[in-house]
Amino acid sequence: MRFAFSLVLLTAVLATPAFAAEDATGLAVNLPDTFVVEPTTSPPPYNVTFGVKTASGDPAPLQGEKYLCQVSFQDVPANAGLTMEKINEQIGSPGWIAMARDGMSSIFEPVSDAAFELHGYKGHEFIGQPKQKNAEHVRLVLSMVETAKGRTAISCVTDADGLETALPTFHTIRDSVTPPL
């Protein structure tokens, strides 16, 4: 009997993420212990940010960066009262995508974009080349999702040569996020 209980307990432990970070806003990052998730300083206009990197260092953060990705949340009072259906309709619209691309055009040149889903909410991923000097070989992968509480952004950077190799890790990080609902 003790062996059966131990086996059930071991199965439960192995089936759950080994590491979860959550903020008072409800922003959560649930990754296995092959990742390191730490609270970090939030860049404006975000209220809370977690830095994420792999525990092994592979893929490594871009030279000069501490983290592979940053997961941030910004409170957006204008979203209050909007239903998931209404938000998904807006995020999936060509007008919203054009507005987002225009808003980011001062910081990076979009290379591609694609839709994704996170906890029932539609999101959008943009891949671009930063416009900063000496950033020609840098690629930024920015995934955004909106809820009734606000905007969650997952920002990951790598070099152009490592992008295809890093994308699965970036998507694992993105898919581990629970935005404030």
Original post:
Going through the stretch 104-133 one residue at a time, which ones are under 21 Å from PRO179 (Cβ atoms) and in a loop (DSSP other than H, G, I, E, B)?
Top reply: HIS119, GLY120
**OP:** Please find, among GLY128, GLY51, GLY120, the residue that is within 13 Å of the chain's Cα centre (by Cα) and of a type in the set (Gly, Ala, Ser).
**Re:** GLY51
Original post:
For the stretch 70-78, does any single residue satisfy the condition of being under 18 Å from PRO168 (Cβ atoms), buried (at least 18 other Cβ atoms within 10 Å of the Cβ) and among the aromatic types (Phe, Trp, Tyr)?
Top reply: no
Subject >> Enumeration of residues in the stretch 43-92 that are of a type in the set (Ser, Thr, Tyr) and within 18 Å of ILE154 (Cβ to Cβ) >> reply: TYR46, THR49, THR54, TYR67, SER72
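Determine, yes or no, whether GLY81 is of a type in the set (Gly, Ala, Ser), touching a residue at least 12 places away in the same chain (Cβ under 8 Å) and surrounded by 15 or more Cβ atoms within 10 Å (Cβ to Cβ). Step through it out loud before you land on a result.
Working: of a type in the set (Gly, Ala, Ser): yes; touching a residue at least 12 places away in the same chain (Cβ under 8 Å): yes; surrounded by 15 or more Cβ atoms within 10 Å (Cβ to Cβ): no.
It is false that GLY81 is of a type in the set (Gly, Ala, Ser), touching a residue at least 12 places away in the same chain (Cβ under 8 Å) and surrounded by 15 or more Cβ atoms within 10 Å (Cβ to Cβ).
Every read-out reported here was derived from the displayed coordinates using simple, explicitly stated rules and does not represent laboratory data. The structure displayed is predicted, hence computed values, not measured ones. Heads up, the Cβs are rebuilt from the backbone with ideal geometry, glycines too, and the neighbour counts pull from every protein chain shown.
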